[in-house]
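Here the structure is laid out as structure tokens; the discussion comes afterwards.
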Ligand code: LER
Ligand code: MN
């Protein structure tokens, strides 16, 4: 299992030189504390000089584990489940940009918060149907570029549908695309899944999983709360999981401290 952590590049405000310099600094720091890669949360990937990013990541022998897309919903209001067709189309257009970028840097694209939330003009049934038709288009885009999409079940306080793993797997099966895989986030598991059955259930579905997010039950660094990371990660290790586990937490007291402490704690767990 490889280890990464989420960061942004501030591609909206920064110049190409600033983006490259920051990315290079991030790679150098993370490499020095035993990370294998970085997950990038981006708003406009097309603004980034992908050739320079590739050169920097290769010079550190580093990977970009996944691309986060949730800011498209938060900043632009575009979402895959929206009742307005133009807004859905805009979200799909943005996914195309993310997929192009991911193709260039050999990464994967997350389908999480970009599903959106429904408002008073819609309802749960309509939202699900909109998500399904949008996701079908996203799958075709991903298939044409050979990029994996990572569908993330997200807790009910942040999003209205596909909160649980089983609902998400049902959707993945229905989509029938080899390019649509599952992203599991320990924080959402803690909030949504039945603690009595979750470990047995996870053993059954490891083949669907192609990315993992790690945060403790307070959404702080792993090891600061009571989520059982040893049991969780060992299920995937025993199943021969070779993809990334990525730290996605509140970065307090600081990004640097969360990164170092999480790496130390998780490397210890993964060894034992
Ligand atoms: C995104 O990966 C996620 O987990 C959401 O809860 C947004 O933070
Ligand atoms: Mn997540």
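Observations on the model:
- Separation of the residue 93 and residue 125 label points, Cα + 7 Å toward Cβ, nm: 3.2
- Computed P(r) (all Cα pairs; the stretch 1-159; 10 Å bins; percent): 11, 39, 32, 15, 3, 0
- Cα gyration tensor shape for the stretch 151-272, rounded if a/c is under 1.5, else prolate or oblate: prolate
- Relative exposure of 75, 115, judged by other C-beta atoms within 10 Å (fewest first): 75, 115
- Pairs of Cα atoms nearer than 8 Å and 6+ residues apart set the relative contact order; for the stretch 117-272 it is 18 percent.
- Computed from the C-beta positions of residue 155 and residue 132 and an R0 of 22 Å, the FRET efficiency is 0.60 to the nearest 0.05.
- Three-way shape call for the stretch 65-184 based on the alpha-carbon gyration tensor, with the a/c threshold at 1.5: prolate
- Antiparallel content of DSSP bridges confined to the chain, in %, to 5: 0
- Choice from 90, 119, 130 showing the highest fluctuation, given a GNM over the chain with Cα pairs closer than 10 Å: 119
- Distance between the stretch 2-69 and the stretch 201-272 - C-alpha centres, whole angstrom: 20
- Based on every Cα atom in the stretch 75-116, Rg and the maximum pairwise Cα distance Dmax equal 10.8, 33 Å.
- The chain, Rg to Rh (Cα coordinates; Rh as Kirkwood inverse mean 1/r): 0.95
- Residue exposure proxy: 58, 36, ordered by other Cβ atoms within 10 angstrom of their Cβ from fewest to most, comes out as 58, 36.
- Each residue in 206, 249, 224, 231 was given a count of other beta-carbon atoms within 10 angstrom of its own, and listing them fewest first yields 231, 206, 224, 249.
- Relative contact order, whole percent, for the chain stands at 17, derived from Cα pairs under 8 Å and 6 or more residues apart.
- Value of [θ]222 nm, deg cm²/dmol, for the chain, DSSP H segments ≥ 4, -39500 (n - 2.57) each, nearest 500: -14500 deg cm²/dmol
- Cα principal axis extents for the stretch 116-203, largest first, Å: 39, 36, 18
Any read-out appearing in this document is the output of simple, stated calculations on the displayed coordinates, not a laboratory observation. Keep in mind that what you see is a predicted model, and the values were worked out from it rather than measured. Methodologically, a virtual Cβ is constructed for each residue, glycine included, from the backbone with ideal geometry; neighbour enumeration extends over all protein chains shown.
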